[in-house]
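First the structure, in the form of structure tokens, and then the observations on it.
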Amino acid sequence: MSRRRVLTGIKPTGSPHLGNYVGAIKPAIAASRDAATDSYFFLADYHALISCQDPLRVQRSTLEIAATWLALGLDPERVTFYRQSDIPEIPELTWLLTCVTGKGLLNRAHAYKAAVDANADEGVDADAGISAGLYMYPVLMAADILMFNAHAVPVGRDQVQHIEIARDLGQRFNHIYGGDYFTLPEAQVDEGTATLAGLDGRKMSKSYDNTIPLWDEPALMRKLVMGIVTNSQAPGEPKDPDASHLFSIYQAFASAEESAAMRERFAQGIGWGEAKQALFERIDQDIAPARERYRHYMAHPQEVESLLLRGAERAREQSRPFIARLREAVGLRSLAQSGAALAQSQKVAEGLQPELKQYRDSDGQFYFKLAEKSAGVLAQSIGFANGREAGAAIARIKRGEAAIANGELVLDAAAVAYVPDVVDPADAAAALAALVAQEAAALAKKQSAS
Ligand code: TRP
């Protein structure tokens, strides 16, 4: 039975706010409790470097975000919870994907285009101040997702294009290298709650500076809620909940019944002050119990660190063998194996059937013979005092450590076998090469089967 893999990342820049909670953390944690899913949640700290070059802030924010998810109920036993930069296979996959990414595709990515448009508005060079990191953002994100073959990626609407790009790159890679390497992910946008309005009514976002931080003191949170912009309707005037972002925020926290009741109070003309107080109380009801846990983690960063390292270890149990498979797929391979495989196919085409056989003679010594089905004996060994020594020489010859030179089969600069005078040394060399190739091919087959 294969379970549905759900993966999501959060960029650790700045302190977590209610928008992160409603849009990503809360639904993701709720979904992670479903026994039919395998959840992968991670801190996208490589992504953070694109917009934040303050090391202390990156570190601090990574701790804050990790503590936030843990405090809000993420169970690290059930969820694979890790830090992106603890998985070196992710940047490696990023490069493999980069090489199947059309540059034009990245030119059309929203975040990059928005930066270019902003430059155009200011009349400066199109790429002024834009790092290649921003440009590559979607490829790194695709690597995050494809590495764990996620089926579903819960994200805000603004991230949907990134998931489409991940699908596109996964599909291209599968097509180019001819295999079902990657599962194609689907964006999962919760239409009801995906974007939370901020203090000014625009989407709550760090970049708009309109956020309500999750972990402020209750008094401060209340003050911010009281500052949410509303219209100038007086208490007693009926109000339209659907035109009010105060109501939309309330709805993001409340149950359906609570929302229906609040809708009714709007119709009856609840005053904005009273509505804000009700909103603050509803938010605090969710946040208060987690606040204690959050404080605990912030005071014990070592606990968070070891949880993340354990999560990374679990994640790498998948990413290590997977990247090995992908390297193989693209041709980043051991030369010994691929050279041997090549030689193997050539020799088999020539119909050679070499054998290297050990035997004991009447003198009590141990010998081996290199023979080929139609050509007969091509090399005859010297005598070995015991079978173990002869066996060791055979094993090394099969691994390709010996060569035919001047009518001798040479191992470690010493002749261990001789090509009979009636045999062309070139035939012996061809049989030896074919033998090595067959051994290597058999070994590779055994390894890929296990
Ligand atoms: N780009 C996402 C954001 O800004 C964060 C992110 C990075 C992500 N990698 C991801 C989300 C992979 C989902 C899957 O919110």
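The values are calculated or read from the model by the stated rules, or taken from the named source; none is laboratory data. Because the structure is predicted, anything quoted here is derived from the model rather than measured. Every residue, glycine as well, gets a Cβ built from its backbone with ideal geometry; the counts of neighbours run over all protein chains shown.
Test of understanding: among 140, 146, which residue is of a type in the set (A, V, I, L, M), more than 9 Å from the ligand (Cβ to nearest atom) and not in a strand (DSSP E or B)?
The conditions single out 146.
Does segment 45-61 include one or more residues that are under 13 Å from residue 79 (Cβ atoms) and touching a residue at least 24 places away in the same chain (Cβ under 8 Å)?
Within segment 45-61, none of the residues are under 13 Å from residue 79 (Cβ atoms) and touching a residue at least 24 places away in the same chain (Cβ under 8 Å).
Among the residues of segment 149-166, count how many are free of Cβ contacts under 8 Å to residues at least 24 places away in the same chain and near the ligand (Cβ under 9 Å from one of its atoms).
Selection size over segment 149-166: 0.
Just for segment 1-13: of the residues that are part of a strand (DSSP E or B) and of a type outside the set (Gly, Ala, Ser), which one is surrounded by the fewest Cβ atoms within 10 Å (Cβ to Cβ)?
In this case the residue turns out to be 4.
May I ask you to list the residues in segment 410-430 that are touching a helix residue (DSSP H, G or I) at 6+ places or on another chain (Cβ under 8 Å) and in contact (Cβ under 8 Å) with a residue 24 or more places away in the chain?
Within segment 410-430, 416, 419, 430 qualify.
Listed here are the residues, each with its yes/no results for (1) more than 15 Å from residue 369 (Cα to Cα); (2) buried (at least 21 other Cβ atoms within 10 Å of the Cβ); (3) among the basic types (Lys, Arg).
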site: 396; (1), (2), (3): no, no, yes
site: 408; (1), (2), (3): no, no, no
site: 418; (1), (2), (3): no, no, no
site: 424; (1), (2), (3): yes, no, no
site: 431; (1), (2), (3): no, yes, no
site: 438; (1), (2), (3): yes, no, no
site: 442; (1), (2), (3): yes, no, no
site: 446; (1), (2), (3): yes, no, yes
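For segment 14-122, which helices (runs of 4 or more DSSP H) that fit wholly inside it have 2 or more residues that are surrounded by 14 or more Cβ atoms within 10 Å (Cβ to Cβ) and more than 15 Å from the ligand (Cβ to nearest atom)?
Result: 55-71, 89-98, 110-122.
Conditions (1) under 23 Å from the mean Cα position of the chain (by Cα); (2) surrounded by fewer than 16 Cβ atoms within 10 Å (Cβ to Cβ); (3) within 30 Å of residue 297 (Cα to Cα); (4) in contact (Cβ under 8 Å) with a residue 12 or more places away in the chain, marked per residue:
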position: 207; (1), (2), (3), (4): no, yes, yes, no
position: 210; (1), (2), (3), (4): no, no, yes, yes
position: 214; (1), (2), (3), (4): no, no, yes, yes
position: 224; (1), (2), (3), (4): no, no, yes, yes
position: 235; (1), (2), (3), (4): no, yes, no, yes
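I'm told residue 308 meets every condition in (1) surrounded by 17 or more Cβ atoms within 10 Å (Cβ to Cβ); (2) outside the structural domain of residue 16 (by TED's automatic domain parsing) except one. Can you identify the failing condition by its number?
With respect to (1) surrounded by 17 or more Cβ atoms within 10 Å (Cβ to Cβ); (2) outside the structural domain of residue 16 (by TED's automatic domain parsing), residue 308 is out only on (2).
Listed residues 349, 312, 341, 336; which is modelled with pLDDT of 95 or more and assigned to a helix (DSSP H, G or I)?
312
Can you name the number of the only condition in (1) in contact with a helix residue (DSSP H, G or I) (Cβ under 8 Å, 6 or more places away or on another chain); (2) within 30 Å of residue 176 (Cα to Cα) that residue 129 fails?
(2)
Given (1) assigned to a helix (DSSP H, G or I); (2) crowded, with 22+ Cβ neighbours inside 10 Å, where does residue 161 come up short, assuming only one miss?
Checking residue 161 against (1) assigned to a helix (DSSP H, G or I); (2) crowded, with 22+ Cβ neighbours inside 10 Å, the one that fails is (2).
Restricting the search to segment 167-185, which residues are more than 14 Å from the ligand (Cβ to nearest atom) and within 19 Å of residue 110 (Cα to Cα)?
Correct list: 168 only.
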